[in-house]
Structures are given as C-alpha cells and as structure tokens.
Amino acid sequence: MIVVACNTASAAALEVLRFEHDVPVVGVLMPGLRAAVATTRNHRVGVIGTVGTVGSGAYQRGIRALRAPVQLTCAACPGFVEFVERGETDTDQVRVLAGRLLEPLRQAGVDTLLLGCTHYPFLARTIGAVMGRDVVLVSSADETAFEVRSILEDTGLTARTSGKGAARFVSSGDVEWFRRLGSTLLGPDLEVVEPWTWP
C-alpha cells in the first residue's frame with residue numbers, strides 16, 4: 001500500500017499514482033472530507049489547507065463526488081506550515097495569523113473544520129481557540145490512518161503479518177534538517193534518515 005500523506009500531493013498526483021501502481025494508493029483528501037461531512041450538524045463545513053491544496057479545487061470536487069448536501073468554505077492558510085516547522089505552535093504571532101486567516105470560516109458559520117494539511121494538527125489548540133468550542137476539528141491525517149487500517153483489515157493483509165513493522169525514513173531534501181524536525185514532530189524513533197537521490 002502507498003499512502004500519499006500530504007494533501008497538496010494528493011490533490012496534484014493521486015489519480016496518476018493510482019493509474020501507475022498495482023497496490024492500493026490512499027490519499028488524505030477523501031478520508032478527512034467524508035469524516036467532516038459525517039460530523040457536521042448544520043451542514044456547513046470548513047476546510048483549511050495550503051495555497052496549493054485549496055487552489056487545486058480538490059475539496060470542491062470531492063464534495064461533488066460525495067453528493068453531500070453541505071455548504072463548503074475553503075481557506076488557504078499560508079504561514080501555518082512554516083510556524084509548525086519552526087516549532088512555533090503556540091505563540092502570539094501564530095495566534096494573530098490564525099485569527100486573521102480563520103475569520104472567513106467563522107463568518108460562514110461552519111460547525112466542522114477539516115484540517116486539510118498534515119501539519120495543522122500541531123496547531124489544533126490554537127485553531128480550536130480561534131474557532132470556538134462549538135466547532136469540531138477533523139484531522140485528515142487521523143482519518144486517513146483509520147481508513148488505512150480498515151483497508152488492511154478488509155483485504156486480510158493484517159492477518160498475514162506478525163510482529164511489529166519497521167520504519168525507514170528517506171528524504172529528498174536536507175537529511176539532517178528532516179531528522180531534527182521529524183524527531184520533534186514524529187517522535188524520538190526517527191534517528192536514521194537516508195538521502196534520496198533522484199535518478
């Protein structure tokens with residue numbers, strides 16, 4: 001199985017990857033969107049993501065594909081990823097930025113907000129404080145993990161494995177930067193990162 005664990009990459013390349021590979025390819029867009037649609041009470045769903053994800057129109061196409069009777073409000077949140085990658089998830093600056101970027105969603109009266117970037121759960125406390133306690137936050141990352149587990153169980157792949165799996169980390173960018181950031185965000189088990197060289 002391949003999990004495209006990035007909303008922008010899912011929006012840009014998921015269908016091509018599914019065409020080119022003979023294993024299940026799971027993106028993070030639809031699992032989160034389905035969960036948000038199932039969660040909303042007033043049929044007003046918000047989605048926040050990067051400029052690339054929101055600009056792609058993938059979430060609007062997803063809502064149409066689900067034939068969901070919801071009003072969808074999308075907002076790009078430039079700067080959120082950079083704050084997370086600097087470890088600044090609860091500063092005055094990120095709170096001010098969140099207040100400004102999330103205001104259109106507050107004005108739209110959404111009761112469910114999909115965190116349409118795998119970085120955004122690290123800002124959940126700040127985002128939740130801005131949106132208010134009546135707005136449910138849905139993580140596209142968590143919902144994708146639930147979907148992956150379901151697919152593995154449905155296909156019987158979990159029955160064919162025993163013991164604990166292994167993780168291998170490979171980066172096409174600065175390996176040391178990725179190791180430091182990954183250790184902070186993903187946990188201390190990320191000690192070895194291999195460089196990826198493009199062919």
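Taking amide H positions as modeled 1.01 Å from N, with prolines and chain starts lacking one, the residues under 5 Å from THR73 and 5 or more places away or on another chain are VAL45, GLY46, VAL47.
Here is the size of segment 30-144 from its Cα atoms: Rg then Dmax, 13.0, 40 Å. Residue ranges 105-114, 149-158 sort as 105-114, 149-158 when ordered by packing (mean number of other C-beta atoms within 10 Å per residue, highest first). Shown here for segment 19-116: GluC sites (Glu not before Pro) in loop regions (DSSP other than H, G, I, E, B) with at most 15 other Cβ atoms within 10 Å, namely GLU88. In the chain, the calculated helix contribution to ellipticity at 222 nm averages -15000 deg cm²/dmol per residue, counting -39,500 (n - 2.57) for every DSSP H run with n ≥ 4. Net length available on complete extension from PHE146 to THR184 is 11.4 nm, with 0.36 nm assigned per residue and the Cα-Cα distance removed. By the Kirkwood approach, averaging reciprocal distances over each pair of separate Cα atoms, the chain gets a hydrodynamic radius of 18.1 Å.
For the peptides 126-137, 6-17, 28-39, 182-193, the ranking by packing is 28-39, 6-17, 126-137, 182-193, with the highest mean count of neighbouring Cβ atoms within 10 Å listed first.
Here the Karplus curve 6.51 cos²θ - 1.76 cosθ + 1.60, taken at θ = phi - 60°, turns the phi angles of segment 26-34 into couplings of 10, x, 9, 6, 5, x, x, 5, 4 Hz, with x standing for Gly and Pro.
Just report the Cα centroid separation between segment 17-60 and segment 134-149, whole Å. Measuring centre to centre over Cα atoms gives 11 Å.
Of the residues LEU97, LEU17, LEU113, the one whose Cα sits farthest toward the positive end of the charge dipole of the chain, with +1 on the Cβ of Lys and Arg and -1 on the Cβ of Asp and Glu, is LEU113.
Every read-out reported here was derived from the displayed coordinates using simple, explicitly stated rules and does not represent laboratory data. Since the structure is predicted, the reported quantities are computational estimates derived from the model, not experimental observations. Virtual Cβ from ideal backbone geometry, glycine too; neighbours counted across all protein chains shown.
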